[in-house]
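Step one of this worksheet: look at the structure below.
Nothing in this text is a laboratory measurement; each read-out follows from the coordinates by a stated rule. Note that the structure is predicted; figures quoted are calculated from it, not measured. Neighbour counts are summed over all protein chains in view; Cβ atoms, including those assigned to glycine, are modelled from backbone coordinates with ideal geometry.
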Amino acid sequence: MALENGKIPDSYLVKISGGNVSADCDPRLRKGAAASWETIYAELKKLRWPARVVNDGYRDFARQQRYKNNGMSNVTPGKSNHGWGLAVDVDGLGGFNSAKFNTFAAIAKPKSWNNDEGKSIGEPWHWVYTGEPDKVGGSVAPSPPPPPPGKLTEDGVFGTETVKRWQQVMGTVADGIISGQFTGNKQYHQASAALQYGSGGSSLVRAVQQKLGITADGHLGPNTIKAIQKRLGVTADGYFAAKPSETVKALQRKLNTGTF
Ligand SMILES: [Zn+2]
């Protein structure tokens, strides 16, 4: 996938040591840069530098925009190496060619970091990694998101696989179970191992309800089923019950597109 400056997926970014000198800091870098940074940090530790030395790492697009607007940065949003997850602002280096600056440079430069960009914008603290961004130790870091799973069978049966995919799409825990349901709603459901009765509702159903803009109580009752049916463009009768169910088929078709 093509990465975009300031829109690097979380799966490509790793938290680095030495972060959060200030609160407005995202101490993350791309995996290759982060692994290299850790070797620098280990050297700094030996020299008894402060534990917190990172003023900033990754800077998403919105923060680049904010910094440009409030004069904290001259860099055009979308152009900063912070937006690629490849730049670190190191705290306490002093000016160019100060003793601390030179100590840091002697450690970082052999590890494929430089201050060239920093120099051009008058920032001794701004260091950029020029090695392989997503490779650690010569092999590709296991960072890109997993490939999309196989398609659900569009059979209208509300089983654990369908629920699990729904959970993945909604970003809730993907255990394949809708838990905590009212037994009083049983008549609206298919008999399914994916449905557990009890109390408290289901976080998947809550996420679905929030998305649909209805009361988020976590219970798959007739009103929630009707709202789901409206979204899916099928008859809104409030029942998931028939097996195979046209509603569940429509849900499976929708989930197979990776959305709900
Ligand atoms: Zn910087």
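At a glance:
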read-out	value
Using θ = phi - 60° and Karplus 6.51 cos²θ - 1.76 cosθ + 1.60, couplings along region 13-29 (whole Hz; Gly, Pro as x)	10, 10, 6, 10, 6, x, x, 6, 4, 10, 6, 7, 8, 10, x, 10, 9
Extension gain (nm, one decimal) between E43 and S11, 0.36 nm per residue minus Cα-Cα	8.8 nm
Violating pairs (Cα-Cα greater than 25 angstrom) within the set K7/K164; K135/K164; K15/K79	K7/K164; K135/K164
Lysines with Cα under 22 Å of K100, excluding same-chain neighbours fewer than 8 positions away	K45, K46, K109, K111, K119
Normalised contact order of region 155-255, rounded percent, pairs of Cα under 8 Å and 6 or more residues apart	29
Candidates H82, H189, H126: whichever shows maximal mean-square fluctuation once the chain is modelled as a Gaussian network with Cα springs under 10 Å	H189
Rounded if a/c under 1.5, otherwise prolate or oblate - region 160-255, Cα gyration tensor axes	rounded
Residue-span extension gain [M72 to R253] - 0.36 nm each, minus C-alpha spacing	60.4 nm
Cα-based Rg of the chain normalised by 2.2 N^0.38 Å, two decimals	1.39
Mean Kyte hydropathy of -0.5 or more with a Cα span along the axis of at least 18 Å, helices from DSSP in the chain	31-46
Residues of type aspartates and glutamates that K31 reaches as a straight line, Cα spacing below 18 Å, ignoring anything fewer than 8 places off in the same chain	E4, D10, D56, D60, D89, E132, D134
Range in the chain, longest, excluding exposed trypsin sites (Lys or Arg not before Pro) [loop by DSSP; at most 12 other beta-carbon atoms within 10 Å]	152-260
Cβ-Cβ FRET estimate between V234 and S199, R0 fixed at 35 Å, reported to 0.05	0.75
Counting DSSP beta bridges with both ends in the chain, the antiparallel % (nearest 5)	85
